Number of protein chains: 2
Amino acid sequence: MREIGIGLLGFGTIGAGVVEGLQKNADLIADRLGAKLVVKKIADLDITSDRGVKIADGVLSTDASAVIADPEVEIVVELVGGISIAKRFVMEALELGKPVVTANKALLAEEGEEIFIKAADMNTDIYFGASVGGGIPIIRGLREGFSGNRIESIYGILNGTCNYILTKMESEGLPFDVVLKEAMEKGYAEADPTLDIDGYDTAHKAVILASLAYGFIMPWDDVKVEGIRNLSQQDVQYADSLGYKIKLLAVIKNLDDTDVEVQVRPALVSNDHLLAAVNDVFNAIMVRGNLVGDTLFYGRGAGKLPTASTVIGDLVDIARNMLAGTPRMSPAVPVSSKAVTLKDHSKISARYYVRLALNDEPDSLATITKILADNNISIASVLQQENDASSYVPVVVITHSATEADFDAAFGEMDAADCVNDEIVKLRIED
Amino acid sequence: MREIGIGLLGFGTIGAGVVEGLQKNADLIADRLGAKLVVKKIADLDITSDRGVKIADGVLSTDASAVIADPEVEIVVELVGGISIAKRFVMEALELGKPVVTANKALLAEEGEEIFIKAADMNTDIYFGASVGGGIPIIRGLREGFSGNRIESIYGILNGTCNYILTKMESEGLPFDVVLKEAMEKGYAEADPTLDIDGYDTAHKAVILASLAYGFIMPWDDVKVEGIRNLSQQDVQYADSLGYKIKLLAVIKNLDDTDVEVQVRPALVSNDHLLAAVNDVFNAIMVRGNLVGDTLFYGRGAGKLPTASTVIGDLVDIARNMLAGTPRMSPAVPVSSKAVTLKDHSKISARYYVRLALNDEPDSLATITKILADNNISIASVLQQENDASSYVPVVVITHSATEADFDAAFGEMDAADCVNDEIVKLRIED
């Protein structure tokens, strides 16, 4: 049986998972593909630690460029992470006409355009199924399953660390810092959790999904990103009492066919929405197409074997293309003949949950409602609880939909109002 | 731009949806594919009714064989339904080497083997994404997304009519007959709902999923099928009080690598399981792979445009293969080098919900518990409510796991016991 040689760059958790998966399911993959996928070379700076998988002598190397250039290596898998070195390796492989599988969302979101152009120029494949959603076949579903649909919206819970923290804050009533510490101890959060909890990991994934849905490379720097670092237990409880869960959401919407809205932020999701039932480290992506309606993809968005599952799925696809002599059966990112642009933030419409610490004075609430009304924002409901001896009254306002420009103006006026104390909490509501 | 001509057989709801979808999203599909998909011919016995879509003169025909043979028709879409005529048309198209898209689950489940062999012999494509799950890209996900996984289990809510009825029985407390009548009036159930409510539609889909997962053509006649026709409101309420929803489930399990368990039956699903949150006409499929873990696919399992979405996705795939000159990039059904067989029903292990109408006598319950114990079945819990003047006491027994053989023996003994009245209700529990 024909063997297809694979070169692995980066032998961390995911790399070891890919080797384990290919070994464990070798017969079954060979059955399905009609060829054997064999890891011929692995490059890593550390070639001595035990990764719990058997590796033949001569497979491990510290020289990534030599692995890429090795004649036995027909497909290169980039699992190095980071941007600059990973990019160099990916470009080296593509330059040699070798197809590449990568799970590197940061690389694609920030430097994807150059990589996609290089792959097209060299007429070779770049697959990146594991860059979004780990084991969930969302990229395949979006690019191929929904190829007949105009994508109207995508809502994604795309970061397992954040979802774990939010689930624990909600179910155990613990503050953010305590849950983050616990997540780090359990290995659910990195030693430096910034990329996750400040929303950048989710934003990288959102950019990739938007590119796939709309056929344009998103300007990464323009995406509005807000993480969960400042989320307070108090808001989790208010949201709960109002029938909502708070989730870190990537929101991608295309309502008018040319402008695409892309945002990452913690948002209130109604309890009767399926996304509200996505707990712990699980991810889920809700895609609405103009033919298919609402669909949901759910599964493990990270981790050794789930991520390896998708890397191996990509390897099988590329191997099929190689065996048939037809690379690039699907374009990496589809083309759009229509100009698509990132929607100006100020024009986006939204509903808001607003929590204010007001002075306990008769006209405080009147001041706030006047500011909202002056800025064309109508109020859906107000929740004001008895004052518990503190000098400020916590007031939660749920608004109807209005533009971000109006909200920005209103929040500015509120910040300046004498009756408003502390930071104003503003959370989007996604129904 | 290259045009790829499509011939549509059957111009009912789905056929009109395919035409509508191809027209509505024509530019976008052409962008993504690099070619235009154009419906050149449509065959139906009724060529006069208005389907709400524009059709050029000369496209409609009552002669399906002429449409299949038309030189302008490069891909044939079979939406005729039923088995014998649909099979003849599909075989005619394949015989001419023309690729086929079908949404016909009954045809594939009962006559799939001959069709798949013919497609292979003629080296042409047969795609059937819309045969399971309507708009949900489950077939693509299973065959391609999870090509690196051994599939451990699949749980599917695959029939929208049944799920609508079960949801209404649960949320409105209405009996089966009343909800069925309402579903028929709303168009959610066919005039003859037998295929749906007796579980055969779900079983057809289960057979297709099992074939894809395990690379063998399931013996359709051997699949154990039970529908929801006899489900009583009383059991819906007991299940609810115990923390379960009742769902019509296709259950496919492969625990020991060679025997595959395939069953269709109403089952109790715990409220904290995502499948319990799948309501109304929606479908969902939970797939567990040995690498990816648990995943869920959710969406509209039927209907005009959701089904058309998947038919068009298949057309784009086939068109890509045609443009590249490489049919059969993925096998229709994967091959397995390992012998896989349908698991003998009696060897399957399960937990059960059992409801009995017992005589109101001191030793009734003792008789039942002895029968269960004698057949190696342990009891997890018993729910016996006060007798409400009727002569029989309703008793619900929740068991631990035991083999179907033991349950069959126990149910036989219970049926024969003097203290047991009426039909015994037996529902599987899937945790």
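The values are calculated or read from the model by the stated rules, or taken from the named source; none is laboratory data. Predicted model, so just to flag it, every value in this text is computed and none were measured. Positions of Cβ are generated from backbone atoms using ideal geometry, with glycine treated the same way; all protein chains shown enter the neighbour counts. All accessible areas refer to the heavy atoms of the entire protein, side chains included, with ligands and DNA or RNA removed. Shrake-Rupley method; radii C 1.70, N 1.55, O 1.52, S 1.80 Å.
Projecting each Cα onto the charge dipole of chain A (Lys/Arg +1, Asp/Glu -1 at the beta carbon, about the Cα centre), which of A:Ser337, A:Ala284, A:Leu33 comes out farthest on the positive side?
A:Leu33
For A:Val260, list long-range residues whose amide hydrogen, built 1.01 Å from N in the peptide plane, is under 5 Å from its own amide hydrogen.
A:Thr341, A:Leu342, A:Lys343
At 222 nm, what helix-only mean residue ellipticity would chain A give, in deg cm²/dmol to the nearest 500, using -39500 (n - 2.57) for each DSSP H run of four or more?
-11000 deg cm²/dmol
So what is the accessible area of region B:347-430 per residue, in Å², with the probe set to 1.4 Å?
Details: 3950 Å² over 84 residues.
Solvent-accessible surface per residue comes out at 47 Å².
Between copies, how far apart are the A:Asn123 label points? List them in nm, one decimal, shortest first, with each point 7 Å from Cα toward Cβ, please?
2.1
Output ³J(HN,Hα) for region A:109-125: one whole-Hz value per residue in order, computed from phi by the Karplus curve 6.51 cos²θ - 1.76 cosθ + 1.60 with θ = phi - 60°, and x for Gly and Pro.
The phi angles translate into 5, 9, 10, x, 4, 4, 5, 5, 5, 4, 4, 5, 4, 8, 6, 10, 8 Hz.
Anything over 25 Å Cα to Cα? Flag those among B:Lys205/B:Lys347; A:Lys181/A:Lys245; B:Lys105/B:Lys224; A:Lys338/B:Lys24; A:Lys98/B:Lys36, in the order listed.
Violating the 25 Å Cα-Cα cut-off are A:Lys98/B:Lys36.
Per residue of B:294-306, count partner chain C-beta atoms within 10 Å of its C-beta, then hand back the mean as an integer. Write out the running numbers ahead of the final one.
Numbers: counts 6, 13, 9, 9, 8, 10, 5, 0, 0, 3, 1, 7, 7.
Per residue, the number of nearby Cβ atoms from other chains is 6 on average.
Could you work out how far the C-alpha centroid of region A:48-100 sits from that of region B:342-388, in angstrom?
When both Cα centres are located, 59 Å separates them.
What does the buried accessible surface come to for A and B, summed over both chains, with the probe at 1.4 Å? Round to 100 Å².
Roughly 4400 Å².
Magnitude of the Cβ-charge dipole of region A:369-415, K/R +1 and D/E -1, about the Cα centre, nearest 20 debye?
That gives a dipole near 160 debye.
Evaluate the distance, in nm, between pseudo-label points positioned 7 Å from the Cα of A:Asp222 and of A:Asp360 along their respective Cα→Cβ axes.
Distance between label points: 4.9 nm.
Put +1 on the Cβ of every Lys and Arg and -1 on every Asp and Glu Cβ in chain A; which of A:Leu212, A:Ser232, A:Leu315 then has its Cα farthest towards the positive end of the dipole?
Value computed over the given set: A:Leu315.
Once you list every other residue whose beta carbon is under 12 Å from the beta carbon of B:Asp363, what net charge do they have if Lys and Arg are +1 and Asp and Glu are -1? Don't skip to the end; give the middle numbers.
Numbers: positive: B:Lys370; negative: B:Asp360, B:Glu361, B:Asp418.
Net of charged neighbours comes to -2.
Where Rh is the Kirkwood radius over the Cα pairs of region A:346-430, the temperature 20 °C and the viscosity 1.002 mPa s, what D in µm²/s does Stokes-Einstein return?
The diffusion coefficient I find is 167 µm²/s.
Which of B:Thr367, B:Val382, B:Gly58 sits closest to the plus end of the dipole of chain B, meaning its Cα is farthest towards the positive end, when Lys and Arg get +1 and Asp and Glu get -1 on the C-beta?
After comparing all options, I get B:Gly58.
Cβ under 14 Å from A:Leu383's Cβ, A:Leu383 left aside: what net charge do those residues give with Lys, Arg +1 and Asp, Glu -1?
So the surrounding residues net to -2.
Taking each label point as 7 Å beyond Cα in the direction of the beta carbon, state the distances from B:Gln234 to the same residue in the other copies, shortest first, in nm.
Copy-to-copy label distances at B:Gln234, shortest first: 5.4 nm.
Mind checking the dipole of region A:346-430: about its Cα centre, +1 per Lys or Arg Cβ, -1 per Asp or Glu Cβ, Debye to the nearest 20?
I would put it at about 440 debye.
Label A:Thr369 and A:Gln234 with points 7 Å out from Cα along Cα→Cβ: what is the distance between them in nm?
Here the modelled spin labels are 2.2 nm apart.
Tell me the carbon and sulfur percent of the accessible area for the protein assembly as shown, rounded to whole percent, probe radius 1.4 Å.
Details: 15600 of 32480 Å².
Reported share for carbon and sulfur atoms: 48 percent.
By the gyration tensor of its Cα atoms, with a ≥ b ≥ c the square roots of the eigenvalues, what is the shape of the protein assembly as shown: rounded for a/c under 1.5, prolate for a/b over b/c, or oblate?
Rounded is the answer for the protein assembly as shown, as its axis ratio a/c remains below 1.5.
Quick one: net charge of A:Lys338's neighbours, Cβ under 13 Å, K/R +1, D/E -1?
Taking every other residue near A:Lys338 into account, the sum is -3.
How big is the dipole moment of the protein assembly as shown about its Cα centre under a simple scheme where the beta carbon of each Lys and Arg is +1, that of each Asp and Glu is -1, and everything else is neutral? Debye, nearest 20, please.
2320 debye
Measuring from label point to label point, each 7 Å out along Cα→Cβ, what is the B:Asp177 to B:Asp280 span in nm?
So the two model labels end up 2.8 nm from each other.
List the distances, in nm and shortest first, from the label point of A:Asp259 to the matching label points in every other copy, placing each point 7 Å from Cα along the Cα-to-Cβ direction.
Output for A:Asp259: 6.2 nm, nearest copy listed first.
Could you work out the mean count of beta carbons from other protein chains within 10 Å of each residue's beta carbon in B:326-332?
Other-chain Cβ atoms within 10 Å of each residue's Cβ, averaged: 4.
Which length gain, in nm to one decimal place, applies between A:Asp422 and A:Ser336 when the Cα-Cα distance is subtracted from 0.36 nm times their residue separation?
Extra length from A:Asp422 to A:Ser336 when fully extended: 26.3 nm.
Given a Förster radius of 45 Å and the C-beta distance between B:Glu185 and A:Ser346 as r, what FRET efficiency does 1/(1 + (r/R0)^6) yield to the nearest 0.05?
According to the calculation, E is roughly 0.40.
What average number of partner chain Cβ atoms lie no more than 10 Å from the Cβ of the residues making up A:16-24?
2
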